Amino acid sequence: MTPSLPSQGTVLLVEDYPPGMMVGALMIEHLGYAVETAASGLQAIEKVRAAATPFMAILMDVQMQGGMGGIEATKAIRELEQQKGYSSPIIAVTAH
């Protein structure tokens with residue numbers, strides 16, 4: 001087992017495909033970051049709304065099935081962050 005490293009911050013992983021979420025979360029943790037996950041754009045917005053501090057980064061699936069896609073979620077998160085007075089890097093992720 002790999003020794004636990006001090007967290008370098010928290011990354012929000014937004015991914016609607018459960019195996020992709022699992023692999024992505026493990027990779028992020030291996031790099032020394034804490035990870036929170038959201039399975040939809042709406043869940044991601046709620047995670048940002050509830051966060052006391054900004055995420056180190058948000059990895060946003062661009063083409064999520066059903067409901068709000070990554071581009072729409074990114075726009076809503078940017079508006080929310082503007083109200084909170086900060087901005088996290090949002091990195092688009094896609095399997096295509």
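Remark: the chain carries 63 Å² of accessible area per residue (probe radius 1.4 Å; ligands, DNA and RNA excluded). The modelled label-to-label distance for the pair residue 79/residue 42, using points 7 Å beyond Cα in the direction of Cβ, is 1.6 nm. The value given for the chain is a Kirkwood hydrodynamic radius of 13.5 Å, derived from the mean inverse Cα-Cα separation. Between residue 23 and residue 72, the contour length at 0.36 nm per residue exceeds the Cα-Cα span by 15.2 nm.
Suppose we look only past 13 Å in the calculated P(r) of segment 12-64. What percent of the Cα-Cα pairs does that tail hold? When every Cα pair of segment 12-64 is considered, 54 percent fall beyond 13 Å.
The values are calculated or read from the model by the stated rules, or taken from the named source; none is laboratory data. Predicted, not measured: the structure shown is a model, and the values here were computed from it. For neighbour counting, all protein chains shown are included, and Cβ atoms are generated from backbone atoms with ideal geometry for every residue, glycine included. Just so you know, the surface numbers come from the protein's heavy atoms only, side chains and all, with ligands and any DNA or RNA stripped out. Shrake-Rupley method; radii C 1.70, N 1.55, O 1.52, S 1.80 Å.
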